[in-house]
Amino acid sequence: MSGYGDIERKWQQRWSEKGLNEANRDDRPKFMLIFAYPGVTGYLHVGHMRGFSYVDAIGRYKRMTGYNVMFPVGAHATGNGSISLANKIRKELPEWKKDKSKDDGTIGYLLRNGCPEEKLESLTEPMNVVNFFCDVYVNEYWKRFGFLADWRRFTCTLYPDYAKFIQWQFRKLRQADMLIQKPYFAPACPNCGPVAVDASETDISKGGNAENQEYTLLKFKHGDEYLVAATLRPETLYGQVCFWVNPEVEYVKIKVNGETWIVSPQAAQKLGYQKDGIETVGKIPGREMIGWKCTAPMIHRDLPVFPAKFCDPDVGTGLVTSVPSDAPDDWISLEAVKKDPTLVAEYGIPQDVIDSAVPISIISMEGYGDFPAKDAIDRLGIKEPGDPLLVEAKKQVYKDGYHLGRMKDNCGPYAGMPVDRAKDAMKDALLKAGEADVFHDLTEEVVCRCGQRVYIRRIDDQWFINYANPEVTERTKEHCKTMDIQPAEYYNNVHGVLDWFRERACVRLGNWLGTKFPYDDKWIIEAISDSTLYPIYYIISKYTNDGEITADQLKDSFFDYVFLGKGDAASVSADTGIKTELVEQVRKDVEYWYPLDLNLGGKEHMTVHFPAFLMNHTAILPKEMWPRGIMVNWYITGKKNAATGKGDKISKSKGGAQPIPGAAEKFGVDGLRLYYAHIASPFADVEWVEETVYSYRQKLDRIISFVGELNSIAADVPAGEIDKWIISRMNGHVKVIRDAMDKLDLRQLATTTYFDMVNDIRWYVRRGGKNRETVKAVLRTWINAMMPVTPHTAEELWEQSGFDGMVSEAQFPEYDESKFSADAEYGEDLIRNIMADSAQIIKVTGMQPSRVILYTASAWKRKVMDNALELLREGKLDIPGLTKRCMADEDLRRNGKAVSDLAKKIAADYIRSTPEKMRPVAETDEVSLLSSAAAFMSEEIGSPVEVMDSDAEGLYDPKGKSKAAVPGRPAILIE
RNA sequence: GCGAGGGUAGCCGAGUUGGCCAAAGGCGCGGGACUUAAGAUCCCGUACUUAGUGUUUCGUGGGUUCGAAUCCCAUCCCUCGCACCA
């Protein structure tokens, strides 16, 4: 219905026929830019196109200003996303075949986004999923949006040739001493292997906000066995007064390194993933332990075991040591337990034992008394165990305790120590003494895409890339100072990010698609680590895609030579079978295209991809190949949530967002591109509101019809002042755009092109401008400026206006000083000011004007102005100086005090001005300027406008307005 | 908590080497023009006040300065990142 598609396809085809998108080495300066390729996890949504289209627009602008641009694209498919997607489809398929009307689930999501039904069968294979989406991204998104990307260079992280490159990269990392091995605790699904737990929930279906938390396991001796409690606050050990066991839970006994531990069955299972040789040897109901005495670690006091239903068998070990002084749960439960008669009656605990459990004050901190837990409870008005506010109380006490607290004198060797230090010190001491152990757990339930619960698993020989390497870090930080990094906040912050960047697990086990780790086949290189150095691979991928070089030929000797210049072409040729000339050609390509000039990615990359991207370059490649620019873009968010006021993230994995082809159909690709470019700074989140997008579409439609109008009014009339004006203005806009784009400020380009220029050209037409030559010149510049953001529209208008060739091939005008006309610009400003003032007066007075009289300033006033200008040029303009100078003039002095008053005013007004700005004010012949515009003004104001010279004999001036006239500000009388 | 950034008129959003800032632009709203008509287009207006002026405004409270949205201090609130999601 929209009909945008035909025009879009037409031009896309012509660009492609001309090969405009293809990047080949020549003698122009080059510009290479990419967006961080997206992960293949399903359909993308309109939000993703924001950053992508910035890149195309920037590339187009660079092309138009003389650069040979390389804009390659690719896709990232490493991981288990496509595996789990394929599994889901396989699972849903039989059901769906029975009843195709059902459109929920994964299949429904695919179909809603335009997946053809007949594809479904093949999408049960992970690699088919990958290839299917690569195709969708290229054809339905990027080509659909008119990107001038070099499609010949497309690559995907699962291609065999790409794998060769990654393996080379990892060998280089090892040579650079960037790989290390050590134990690691990672979230993993028992079925699918390691999974990423993060807010985007790419790998998981539940629990994206969970954190991997480290607990200290405390071993409480009871006979030959240990009751094992998990704590986040080992520093509170001195405050323990009792031990909590849930009487309703059946605990298990497990063998751990020859010891017998009692924990909840859930904890036993979790521990199984983190400790070797754990076996369950028995069970014990919780109530059986009530009334026991167990020996606390470190302080070696005997603690009584009391019942507590708040012990969740799924959290920690399901057993809890009680520190009422600093744990609100413990405080309130202890109080409750003491009043509970069943304690004696049912569990037979002697009263004196119960009474002996008295809170011990161990931590002092500002804003709290001896018992922080009690204070928090009182403040929040908590009355009994189970109150949901206890969570808040706990958070408060923990947080304040950690940052503000100090250990009291009763804490043995830790007395006086700040809590944050005591915590580590005590944990270390406990571990050393064998009285404690370490246990990792997720803070909330996490469920894998496959439906399995996710656990923390210990991996002993995990490989890491050592991004903490001080030398490489330092080198990278130094280099960043020379880079063009947008926004400025990130430029300022990136050093900090690099400092904080530590070792990073780089390989995974399990069900995972990706490149095999070159030093040990059982590992697969994980998703972030194989996507850091890849921009350089786009130089190679062209040759592997067209078959000139095969994956087998991509040996290290080849990469070493073409990327690092090591060795020589002849021996590389001998080693790989690639022709010597071709090896040389690739080497030259690399030298020409690299480094990468711009890498653009979403803000989520700031602490993940970009630092890794930088450090891999600086660790492996020579300095002259280190990246030159980074740009970070923020998101398009979903509708704001009324309750929270926050925009929900449009989630690509959850579906529901506007599919891209549908939006392109509805608003036209250029409508969307304009929306992205102009809606806000790239460095701010934007809420997706259809009406807003639509208003940009309308804006573009108006421009299209306005261009038509311009073409039709152009006539062979002589050029006048207004032509000088519009030429001057357009020339100024060219400068604004050029300056803005030097800083990649696409939004400014859009503002200038789609708003400021439009307003000026409208004014030109309104003022009667229609000189054919002028109109053509204006259109040429204007349509050029439209090309980066709305290329299809620009081509259409370019053709319609009768220009040769395609605007995508054209060169953007240079700023031309000689086209600037201060007088013309000043003159129009003056006329507009007069009209605005008149309108103001008419509005305020509510008059129905019969005529408007404009009085220009008397000649003597102009003379004062001239004097002021001269002083300004000499840099000596001030009030006494100007007054003196004027009074020295006989003619002027005749006007008496009026002269000094005016001199005072003018001097004050222009003292900080520049001669360039002031000159037109002093020199403009206002009588002829205003007279020539009188007809126009009359029409606009709706009543006759007459211009009168204040010096004229027998001047009609019933209200004495002419006295108020000043050069640059004629007096107005409205009757 | 640590790190980064931000609070501007009905809304979005420019503006921060202090002055020309009542503060761009867009949207919305009001009025007008055109029109059979219009959700289309164009023009004007949109803090309060006013013959083109003046007054009070840029989270809040202080301060520096001849002069502050722009600098300093304090304070409240908000957003983002904090690790294996590109």
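The packing ranking, built from the mean of other Cβ atoms within 10 Å per residue, places the peptides A:492-499, A:266-273, A:284-291 in the order A:266-273, A:284-291, A:492-499, highest first.
Full extension of the chain between A:ILE911 and A:LEU509 yields a length gain of 137.4 nm, computed as 0.36 nm times the residue separation minus the alpha carbon distance. Net charge dipole, chain A: roughly 580 debye, given to the nearest 20, about the Cα centre with Cβ charges of +1 for Lys and Arg and -1 for Asp and Glu. Probing with 1.4 Å while keeping every protein chain in the model, the per residue accessible area of region A:476-596 equals 39 Å². A Cα-only calculation for chain A places Rg and Dmax at 37.9, 122 Å. Note on A:LYS522: aspartates and glutamates with a C-alpha under 15 Å away, same-chain residues under 8 apart excluded, are A:ASP460, A:ASP461.
The listed peptides A:787-794, A:610-617, A:5-12, A:439-446, ordered by packing as a protection proxy, come out as A:787-794, A:610-617, A:439-446, A:5-12 (highest mean of other Cβ atoms within 10 Å first). Take every Cα pair under 8 Å whose residues are at least 6 apart in sequence, average their separation, divide by the length of region A:65-197, and the relative contact order is 33 percent. Among the listed pairs A:LYS861/A:LYS905; A:LYS270/A:LYS394; A:LYS219/A:LYS423; A:LYS917/A:LYS961, which are separated by more than 20 Å between their Cα atoms? As for pairs spanning more than 20 Å Cα to Cα, those are A:LYS270/A:LYS394; A:LYS917/A:LYS961. Just the protein heavy atoms count here, and of the accessible area of chain A at 1.4 Å, carbon and sulfur take up 49 percent.
Of the trypsin sites (Lys or Arg not before Pro) found in region A:521-572, those in coil by DSSP whose Cβ has at most 12 other Cβ atoms within 10 Å are A:LYS522, A:LYS566. Spin-label model, A:VAL844/A:SER101: points 7 Å from Cα along the beta carbon direction are separated by 7.1 nm. Give the calculated FRET efficiency between A:PHE936 and A:ASN493 to the nearest 0.05, with a Förster radius of 41 Å applied to their Cβ-Cβ distance. Once rounded, the FRET efficiency stands at 0.15.
Taking 30 Å as the limit for the C-alpha separation, the pairs A:LYS253/A:LYS399; A:LYS172/A:LYS206; A:LYS843/A:LYS959 exceed it in the case of A:LYS253/A:LYS399; A:LYS172/A:LYS206.
Annotation for A:ASP135 and A:ASP701: the two label points, set 7 Å from Cα along the Cα-Cβ direction, are 3.5 nm apart. Rolling a 1.4 Å probe over the protein heavy atoms leaves A:ASP891 with an accessible area of roughly 80 Å².
Once both labels are positioned 7 Å from their Cα atoms along Cα-to-Cβ, the gap between A:ALA715 and A:ASP224 label points is 11.2 nm.
Of the peptides A:332-344, A:583-595, the ranking by mean beta-carbon count within 10 Å, highest at the top, reads A:583-595, A:332-344.
Between A:ASP925 and A:LYS522, 0.36 nm times their residue separation minus their Cα-Cα distance comes to what?
Residue separation times 0.36 nm, minus the Cα-Cα distance, leaves 136.5 nm.
Dividing the mean sequence gap of close Cα pairs (under 8 Å, 6+ apart) by how many residues chain A holds gives a relative contact order of 13 percent.
Given an 8 Å cut-off on Cα distances and at least 6 residues of separation, report the relative contact order of region A:17-94 as a percent.
44 percent
Give me the distance between the Cα centres of region A:709-746 and region A:875-953, rounded to whole Å. With region A:709-746 and region A:875-953 each reduced to a Cα centre, they are spaced 30 Å.
In the full protein context, region A:598-637 carries 25 Å² of accessible surface per residue, based on a 1.4 Å probe and ignoring ligands, DNA and RNA. Here chain A carries DSSP beta bridges of which approximately 70% are antiparallel, counting only pairs with both residues inside.
For region A:64-164, the solvent-accessible area works out to 38 Å² per residue, with a probe of 1.4 Å and every protein chain left in place.
The values are calculated or read from the model by the stated rules, or taken from the named source; none is laboratory data. Note that the structure is predicted; figures quoted are calculated from it, not measured. Cβ sites come from the backbone with ideal geometry, for glycine too, and all protein chains shown count toward neighbours. Quick note on the areas: whole protein, heavy atoms, side chains included, nothing else; ligands and nucleic acids left out. Shrake-Rupley method; radii C 1.70, N 1.55, O 1.52, S 1.80 Å.
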